[in-house]
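Since the structure comes first, as structure tokens, the remarks are kept for the end.
Any read-out appearing in this document is the output of simple, stated calculations on the displayed coordinates, not a laboratory observation. Please read these numbers as outputs of a predicted model, since none were measured by experiment. FYI the Cβ positions are ideal-geometry reconstructions off the backbone, even for glycines, and counts take in every protein chain you see.
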Amino acid sequence: MKVILTLVFSALLLFGSDATIEVTKGVDSLPSIAIEDASQDFNAGLSKRFYRVLASDLNVLSIFNVERSYVNEIAYDDESVSSEHAKLDYVVRFRLVDEAGAMVVNAKIINNNKVMKEINYRIKNSKQYVFLVHTIASDINDFMGADPVPWMKEKVIISRSTGRRKSEILITDYTLSYQFAILKNGLFLFPRWSDSSKKYFYYTSIVQGVPQLHKHGVYDKSDVMMLTSDGMLVCSDVKDDGSKILLTMAPDAQPDIYEYDVATKKLTQVTAYSGIDVSGQYMDDGRIAFVSNRLGYPNIFSKKIGTKATEQMVYVGKSNSACTAHGNYIIYKARESSNAFSKNTFNLQLISTKTDFIRRLTVTGINEHPLFSTDGGSVLFVKKYKNQSSIGVLRLNQNKTYIFPLKGGDIQSIDW
């Protein structure tokens with residue numbers, strides 16, 4: 001099977017935008033919160049960007065109504081908050097300080113002019129301040145007793161198109177505010193973190209038309225070619241402990257799913273169907289979920305590795321693909337239109353493997369590459385709408401979706 005990859009060049013890379021809410025349901029009865037910038041003798045542009053990312057994070061936490069008025073004419077040690085924030089429930093006041101080349105951040109949570117919590121941070125590389133902001137937001141979330149959001153602090157890895165048959169791999173945060181191109185000037189696709197430490201990642205490179213699977217070091221810059229296969233070679237998922245990975249390969253023209261043992265380098269064929277089996281995902285009960293055309297159209301199936309029996313998982317829709325699994329739930333991409341003369345809509349659907357429960361999660365555009373967070377409470381995905389490629393974050397329990405546009409290029413795949 002020949003895989004033809006078309007990558008479209010748009011523009012040079014810029015920073016991501018603030019979050020915007022795409023879907024909101026329910027009555028807002030949340031406590032109010034504002035941010036005060038008490039930085040002095042510090043880069044004004046950086047402190048304003050710090051404020052904007054923090055305001056966006058507090059919004060994504062979905063536990064506050066965030067007041068967006070920017071206040072910066074206040075001292076960090078002032079006993080009372082600014083007059084325009086006096087009636088709000090909470091105020092977060094921060095101060096950025098340059099200390100021997102490092103950036104020190106002091107922050108406090110104020111309620112009724114009383115300091116409820118004060119936290120101090122230090123970062124050597126101010127270019128990565130975004131991750132420090134996410135840490136502050138996560139700490140505020142924990143202080144409020146909300147469900148933990150460890151994913152907010154994690155690095156995200158994406159493949160971004162840069163031209164015809166060219167792409168690069170970026171390490172970024174979930175808002176796309178921080179972006180570092182770790183691989184560029186080639187055709188680099190389908191990055192996947194090798195384990196939770198995120199020191200290495202797998203990716204596919206196309207060399208003279210033949211796919212190769214590589215393992216690349218984030219810090220040591222090592223690059224090891226692990227496998228090669230004609231037709232197709234994609235790492236679709238990694239076991240939680242990093243010991244094994246699921247691959248889609250097509251050595252004999254038809255794509256099937258294989259499992260690769262990282263330590264022993266043993267390759268085991270998991271499916272052997274005469275049609276198409278792709279995109280294997282580990283499930284918590286020892287099975288894998290995958291996409292197959294066994295019914296004559298793409299749909300979601302599951303099977304236990306080492307057995308022949310397969311089970312159909314989805315009974316709604318006629319073109320279902322790109323799944324992710326967590327616990328008793330699966331999210332998949334479903335085509336919801338089929339007009340040959342206009343663009344189709346692809347939405348994400350959530351189903352339970354134990355009941356007939358089904359819930360549509362998105363409403364417009366092309367929504368794909370869904371990924372559950374480690375706790376299962378949030379979902380990262382890629383949204384393409386009106387020629388704009390974005391990262392989306394779904395807060396499942398809060399029933400809200402936040403969109404972060406990529407300015408320049410197109411997101412080809414993603415992992416967190």
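What's the local net charge at Ser274, with K and R +1, D and E -1, over the other residues with C-beta under 15 Å away?
-1
By how many nm would the segment from Asn185 to Asn387 lengthen if fully extended, with 0.36 nm per residue of separation less the alpha-carbon distance?
70.4 nm
Pull up all non-local amide H partners of Thr362: gap of 5 or more, or a different chain, and H-to-H distance under 5 Å with H placed in the peptide plane.
Counting only residues 5 or more places away or on other chains, the set is Leu348.
Apply the Karplus curve 6.51 cos²θ - 1.76 cosθ + 1.60, θ = phi - 60°, to the phi angles in segment 204-213 and return the couplings in whole Hz, x for Gly and Pro.
Values, residue by residue: 9, 10, 9, 10, 6, x, 10, x, 10, 9 Hz.
How high is the relative contact order of segment 161-200, in percent, with contacts defined as C-alpha pairs under 8 Å that are six or more residues apart?
35 percent
Note the angle between two axes, namely the Cα long axis of helix 44-61 and the longest principal axis of the Cα atoms of the chain, as a number of degrees from 0 to 90, rounded to the nearest 10.
On a 0 to 90 degree scale, this one is about 60.
Output the relative contact order of segment 356-416, whole-number percent, from Cα pairs under 8 angstrom with separation of 6+ residues.
Relative contact order of segment 356-416: 26 percent.
So which GluC sites (Glu not before Pro) in segment 29-83 pass both tests, a DSSP loop state and at most 14 other Cβ atoms within 10 Å of the Cβ?
The qualifying sites are Glu73, Glu79.
Could you list Asp195, Asp41 so that the one with the fewest beta carbons within 10 Å of its beta carbon is first and the one with the most is last?
Values: Asp195 15, Asp41 8.
Least to most surrounded, the residues fall as Asp41, Asp195.
Let's test the formula: R0 of 45 Å, r as the Cβ-Cβ distance of Ser274 and Arg165. What FRET efficiency results, to the nearest 0.05?
0.90
With respect to the cross-link table entries Lys166/Lys384; Lys303/Lys400; Lys303/Lys354; Lys153/Lys199; Lys239/Lys318, which display a Cα-Cα separation exceeding 21 Å? Let's see the in-between values first.
On the way: Lys166/Lys384 19 Å; Lys303/Lys400 32 Å; Lys303/Lys354 15 Å; Lys153/Lys199 15 Å; Lys239/Lys318 29 Å.
Correct reply: Lys303/Lys400; Lys239/Lys318.
Please work out how much length the chain gains when fully extended from Thr364 to Asp223, using 0.36 nm per residue of separation minus the C-alpha to C-alpha distance, in nm with one decimal.
Value of the extension gain: 46.9 nm.
Please enumerate, by chain and number, the aspartates and glutamates with C-alpha under 13 Å from the C-alpha of Lys108, excluding those fewer than 8 residues away in the same chain.
Result set, ordered by chain and number: Glu36, Asp37, Asp77, Asp78, Glu79, Glu118, Asp139.
State, to one decimal in nm, how far the label point of Ser197 lies from the label point of Asp261, with both points 7 Å from Cα in the Cβ direction.
Distance between the two pseudo-spin positions: 2.1 nm.
With the cut-off at 1.5 for a/c, could you classify segment 31-150 from its C-alpha gyration tensor as rounded, prolate or oblate?
Oblate, since a/c reaches 1.5 and b/c is not below a/b.
What shape does segment 163-222 have by the C-alpha gyration tensor, where a ≥ b ≥ c are the square roots of the eigenvalues, rounded means a/c under 1.5, and otherwise prolate means a/b greater than b/c and oblate the rest?
oblate
For Tyr203, Tyr219, what's the fewest-to-most ordering of other Cβ within 10 Å of each Cβ?
Result, fewest neighbours first: Tyr219, Tyr203.
To one decimal place, what Kirkwood hydrodynamic radius in Å is obtained for segment 105-161 from all pairs of distinct Cα atoms?
This gives a value of 13.0 Å.
Can you put Ser196, Ser159, Ser82, Ser39 in order of Cβ neighbours within 10 angstrom, beginning with the fewest?
Taking fewest neighbouring Cβ atoms as first place, the list is Ser196, Ser82, Ser39, Ser159.
Once amide H atoms are placed 1.01 Å from N in the peptide plane, what residues at a sequence separation of 5 or more from Ser389, or on another chain, have their amide H within under 5 Å of its amide H?
Distant-sequence amide H within range of Ser389: Leu406.
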